[in-house]
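In what follows, a single structure is set out as structure tokens and then discussed.
The values are calculated or read from the model by the stated rules, or taken from the named source; none is laboratory data. In this text the structure is predicted, and so the values were computed from the model without any measurement. With ideal geometry, Cβ positions are generated from the backbone for all residues, glycine too; neighbour counts draw on all protein chains shown. Just the protein is used for accessible areas: all its heavy atoms, side chains included, with ligands, DNA and RNA removed. Shrake-Rupley method; radii C 1.70, N 1.55, O 1.52, S 1.80 Å.
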Amino acid sequence: MTTILAIETSNEFASAALLRDGKLSFIDIPSAETHSEASLPAMQRLLGDAGIALQDCDAIAFGCGPGAFTGVRTACGLVQGMAYGADLPVVPVVTLEAMALAAAAQHGDADFLCLLDARMKEMYAAVCRVRNQAVTVMIAPVLTAIDAALLSDWLTQYPSLVLALGPGLGVPEAAASCPLVHARPHAADVARIGSQRFLSGQTVSAAEAEPLYLRNKIALTTAERALQGRP
């Protein structure tokens, strides 16, 4: 049995989790709180409630993105510092994989079209297969415009896709016929995936941990906002 400490801060609904000997505990961090200030106390509280120290963990898992630039960077930096200090390995977990596992808990095993709001009229998208609580990425995450033609291509390739829709997004027209599950990245699912990856040796060192960025541009210019009729 393993002990995995996990954090997910890629969107406004941040969370921390501890998976120990098959028992899961977690803390949801209110969106009004600053992730950088609230995440470490949440993780420390989980350890304290379990009566263990950070050094008693086998690894630290984190939602590595894609997602909000500041949130993903916060999680990576925090995990790097903790893992380095406690000499622990790190397990990066793609946020869309965590979404797929959350969706499977509601719908059952399936191939999921996972969509997460990327702002600026764009979304992060991936196809993830869940079987027996194991997640396999079938189509790697991309940043794309909402209602992009590629969704139709994916649905042709995987005709039985179930839509796992993240917060803040409407159903794209191309996926309107898909069964729908509302899901979001959560540290509980990051911990579950992290445990599996740890046991199979899929870890990195603290120095090797890094966010998954799909967008270099994190804000529109004033001119671009004016063209979209935005202040």
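Quick look at the numbers
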{"read-out": "Cβ-based net charge around Gln133, under 9 Å, with every Lys or Arg adding one and every Asp or Glu removing one", "value": "+1"}
{"read-out": "Cα gyration tensor of the chain - equivalent ellipsoid semi-axes, whole Å, descending", "value": "30, 21, 14"}
{"read-out": "Peptides 86-96, 100-110 ordered by average Cβ neighbours within 10 Å, highest first", "value": "86-96, 100-110"}
{"read-out": "Pair Leu169, Glu122: separation of 7 Å Cα→Cβ label points (nm)", "value": "1.4"}
{"read-out": "Integer Hz, Karplus 6.51/-1.76/1.60 couplings in order for segment 58-65, x for Gly and Pro", "value": "8, 6, 10, 10, 8, x, 8, x"}
{"read-out": "Dipole magnitude of segment 39-196 about its Cα centre (Cβ charges: Lys, Arg +1; Asp, Glu -1), debye to nearest 20", "value": "160"}
{"read-out": "Prolate/oblate/rounded call for segment 1-79, Cα gyration tensor, a/c under 1.5 rounded", "value": "prolate"}
{"read-out": "GluC sites (Glu not before Pro), loop per DSSP, at most 14 other Cβ atoms within 10 Å - longest free stretch of the chain", "value": "34-207"}
{"read-out": "Accessible surface, the chain, averaged per residue in Å² (probe 1.4 Å)", "value": "46"}
{"read-out": "FRET efficiency estimate (nearest 0.05) - Cβ-Cβ, Val204 to Ala53, R0 22 angstrom", "value": "0.50"}
{"read-out": "Computed over the chain: relative contact order in percent, which uses C-alpha pairs under 8 Å that are six or more apart", "value": "24"}
{"read-out": "Listed residues Val190, Leu155, Pro179: farthest to the positive end of the dipole of segment 128-193 (Cβ charges)", "value": "Val190"}
{"read-out": "Accessible surface of the chain [probe 1.4 Å, protein heavy atoms]: carbon and sulfur percent", "value": "51"}
{"read-out": "Heavy-atom SASA rank of Leu143, Leu180, Leu116 (probe 1.4 Å, accessible area, largest first)", "value": "Leu180, Leu143, Leu116"}
